[in-house]
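**Q** Have a look at this one.
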Amino acid sequence: MTKQTKTLTVLAAALVVCGGAYAALRVWNDRQAQIDDTVYVTQLSDLTVLSLINGQGELSFTKAEDVWQYDGDDAFPADQEAVEDLAEQIGSLAAIRVIDDPEDLSAYGLDEPALQATVTAGDETAVTLLLGDVSDSYCYAKRTDSDTVYTISTDLPENLESLELLDLAAIPDFPDLGTDTISSLTWESGGTTLTLTKTETAGTESGDSSADASSSSESAEETEPAWDVNGTAIPSDNSAFTSLMAQLSSLAFDACYDYKGEADTLAACGLDTPVGMLTVTYGEGETLTLAIGALDGTGDSYYAQLSGDPAVYLLSADSVDSLISLSAQELTAVEEDEAEEEAASDASSDSSSSSAS
């Protein structure tokens, strides 16, 4: 290769590199221009007031000392993250398109808007947003202090359309419940009480017998939990027990049905005479008590209530079917494979005895 050819090759490679860098820079500049050119319908910070009007009614929340409270009842357990997220979604809303010279508001469904939201910032700047017609990809929106009409993402109207107060209620999480953390549990239903208790039995790791004899003091101990129900041992591979523990470990409320827990509500939900009462002792001696009432109108959920919490929650029927059908017979049943092994072992023992005699 001649010196001139080498030079041309190097220059060509440099040109390719520069071209790639230029293209990348151009893409970055275009994206940055898009970001810088974003038009915001609302752009407020440090929000302190949130008010909503939809087909379900009107909701209003006020934030004081970093805590959102429902204006209609201070006792309402507001989900702080959910209310804050909703306020921020309304308070910082980007436009898809700006219509500076709009037609009559009726053309956009903004003459009688189905949805309305108001947010107030920390500096007391308040903005009221009207939401009109919704298409597959956008919704018309307008501030009451401006004639400009915007199109925005459908995310906000979808979130607000059927929003009710209880959708913004905090739902408690269950603690970590599993074979490692539970020490005992009691299920009371239909006049029957089942108490499951865990005991720890110490064992030693298996190994060479001669090695064990010479260094037994160094054998590592391992703990093997054993469970019983009302004093009768539960087989370690019992499927009813395994299903029960799996459901307890994944317990979660689906929704809040009522946060006041007044007597007439509890009676209507079957919680004055529960279908069952579950008491679990876990961790360092903590106790959880869960009352399960009647099935709701759909038949998909049970009404449920935690001790010390007045609220009534919905608990998926599928999540507690092992608990509802729990029986001592199922918990102490020997699984088929194990029963067959025991029968084979007994037959072998009988055969050996007959041969010996």
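The values are calculated or read from the model by the stated rules, or taken from the named source; none is laboratory data. Just so it is clear, the structure is predicted and the values come from calculations on it, not from any experiment. Note: ideal-geometry Cβ built from the backbone for every residue, glycine included; neighbour counts use all protein chains shown. Each accessible area value is taken on the protein alone, full model and side chains, heavy atoms only, with ligands, DNA and RNA left out. Shrake-Rupley method; radii C 1.70, N 1.55, O 1.52, S 1.80 Å.
**Q** Heavy atoms only, 1.4 Å probe, whole protein assembly: order Leu160, Leu166 by accessible area, highest first. Present the calculation step by step, with values, prior to reporting the outcome.
**A** On the way: Leu160 5, Leu166 50 Å².
Listed by decreasing accessible area, they come as Leu166, Leu160.
**Q** Looking at the range 94-184, which GluC sites (Glu not before Pro) are DSSP coil and have at most 13 other C-beta atoms within 10 Å of their C-beta?
**A** Working: sites: Glu103, Glu124, Glu158, Glu161, Glu164; in loops: Glu103, Glu124, Glu161, Glu164.
Here the sparse-neighbourhood loop sites are Glu103, Glu124, Glu164.
**Q** Which parts of the range 56-84 would a label at Asn159 reach, counting a residue when its backbone N lies under 12 Å from a point 7 Å out along Cα-to-Cβ?
**A** Those under the cut-off are 81-84.
**Q** Probe 1.4 Å, all protein chains in place: accessible area of Asp155 in Å², nearest 10?
**A** Accessible area of Asp155: about 90 Å².
**Q** In the neighborhood of Ser106, defined by Cβ-to-Cβ distances under 14 Å, what is the net charge if each Lys or Arg adds +1 and each Asp or Glu adds -1?
**A** Numbers: positive: Lys142; negative: Glu103, Asp104, Asp111, Glu112, Asp133.
My count for the surroundings of Ser106 gives -4.
**Q** Using the Kirkwood formula over every pair of different C-alpha atoms, what hydrodynamic radius in Å results for the range 40-97? Before the final figure, lay out each step's value.
**A** On the way: mean 1/r = 0.0817 Å⁻¹.
About 12.2 Å, per the Kirkwood formula over Cα pairs.
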